[in-house]
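This report refers to the structure that appears directly beneath it.
The values are calculated or read from the model by the stated rules, or taken from the named source; none is laboratory data. Since this is a predicted model, take the numbers as computed values, not measurements. Reconstructed Cβ throughout: ideal geometry from the backbone, glycine too, with neighbour counts over all protein chains shown. Surface accessibility is based on the protein's heavy atoms, side chains included, excluding ligands, DNA and RNA. Shrake-Rupley method; radii C 1.70, N 1.55, O 1.52, S 1.80 Å.
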Amino acid sequence: MHSPLEIAKNFIEIGMHKVRLSAYKMLILGIFAGIFIGFAGIAATTAGATIENPSVSRLVSACVFPAGMAMVLVAGSELFTGNNLIIIALLSKKVTVFQMLKNWFFVFVGNFIGAVFVAVMVVYGRVPDLFGGFLAEKVVAAAMSRVQQSFPEAFIKGIMCNILVCIAVWAAFAAKKVSGKLLMSFWPVMLFVLCGFEHSIADIYFGVAGILTAHEYGIAAEGLNFGSFLLHNLLPVTLGNIVGGAGI
């Protein structure tokens with residue numbers, strides 16, 4: 001495996017490479033990462049949907065969701081939360097603040113498009129029909145839980161989430177083989193899902209899927225709309241992710 005010092009040096013080179021990508025490549029690679037995380041979102045919801053014990057249900061979902069990070073790492077796409085580690089290259093004075101923010105912006109937009117794409121396909125592909133429509137209720141419930149928290153709560157959960165996500169990326173780069181990358185990235189991601197921490201890109205899928213499902217299936221979801229999702233979830237979670245990933 002690579003030593004922590006070797007990983008740090010590698011991340012400087014990786015950060016330099018990431019900021020030198022064209023805006024078009026950042027956007028396209030960001031879209032794919034958003035798609036991968038969206039797939040992980042619906043899979044995690046489906047896996048735990050019919051398990052009555054809430055602790056077991058969350059554990060099963062948490063064990064499924066890391067598939068999204070595995071696809072991101074192995075396929076070479078660009079994920080906003082992991083790219084917060086470009087801060088290493090910035091602190092080493094190898095990239096500029098503008099270059100880092102440009103990468104974050106285009107990758108986030110790409111992630112947003114990819115996650116929304118999956119949400120739309122899932123809802124209008126009638127995937128929530130599974131289990132006699134019970135999955136639809138779970139999809140809406142997942143979105144409701146994300147807008148029923150205060151700004152500080154979502155912000156703090158965003159911080160804790162991206163500490164673990166960036167550790168997952170860091171640990172994956174310690175491995176020299178794909179098997180090692182998958183094993184090392186699994187545990188931190190599983191932990192953040194199990195603990196209910198908030199990941200901005202995953203929440204884009206969960207929020208949009210929940211809003212569309214509530215409308216399409218006629219499920220009551222008072223207070224669940226795009227405004228509440230952006231204000232009570234996406235904004236504070238994204239800021240928290242930046243603090244957790246780039247700050248801590």
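The table below lists the values:
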item	result
Region 150-248: GluC sites (Glu not before Pro) in DSSP loop, at most 13 other beta carbons within 10 Å	222
Loop-resident sites, region 150-202, for trypsin sites (Lys or Arg not before Pro), counting at most 11 other Cβ within 10 Å (DSSP)	176, 177
For region 186-193, Karplus couplings with θ = phi - 60° (6.51, -1.76, 1.60), whole Hz, Gly/Pro x	5, 5, x, 5, 4, 5, 5, 5
Cα long-axis angle, helix 54-64 against the chain (0 to 90 degrees, to the nearest 10)	40
Per-bin percent of Cα-Cα distances, region 20-151 [10 Å]	12, 34, 31, 16, 6, 0
Accessible area of region 125-248 divided out per residue, in Å², using a probe of 1.4 angstrom	44
Links that overshoot a 27 Å alpha carbon limit, given the list 25/94; 9/177; 18/138; 93/157	18/138; 93/157
Helix-only mean residue ellipticity at 222 nm for the chain, each DSSP H run of n ≥ 4 adding -39500 (n - 2.57), per residue, nearest 500	-24000 deg cm²/dmol
DSSP-assigned coil residues among trypsin sites (Lys or Arg not before Pro) in region 61-129, each with at most 10 further Cβ atoms within 10 Å	93
Cα-only radius of gyration and Dmax that characterise region 127-204, units Å	15.5, 45
Tilt relative to the chain, helix 4-20 - C-alpha long axis, 0 to 90 degrees, to 10	80
Taking the chain and dividing mean pair separation by its residue count, relative contact order in percent (alpha carbons under 8 Å, at least six apart)	29
Of all accessible heavy-atom area on the chain, the percent that carbon and sulfur account for (1.4 Å)	71
Helix 97-124 vs. the chain, principal-axis angle (Cα, 0 to 90°, nearest 10)	30
C-alpha center-to-center spacing [region 42-103, region 172-248] in angstrom	8
Surface accessible to a 1.4 Å probe, residue 12 within the full protein complex, Å²	30
Neighbourhood net charge (12 Å Cβ-Cβ; Lys/Arg +1, Asp/Glu -1) for residue 111	-2
Residue 35 - accessible surface, heavy atoms, 1.4 Å probe, Å² rounded to 10	30
Projected-area average for region 119-248 over all orientations - Cα convex hull basis, square nanometres	8.6
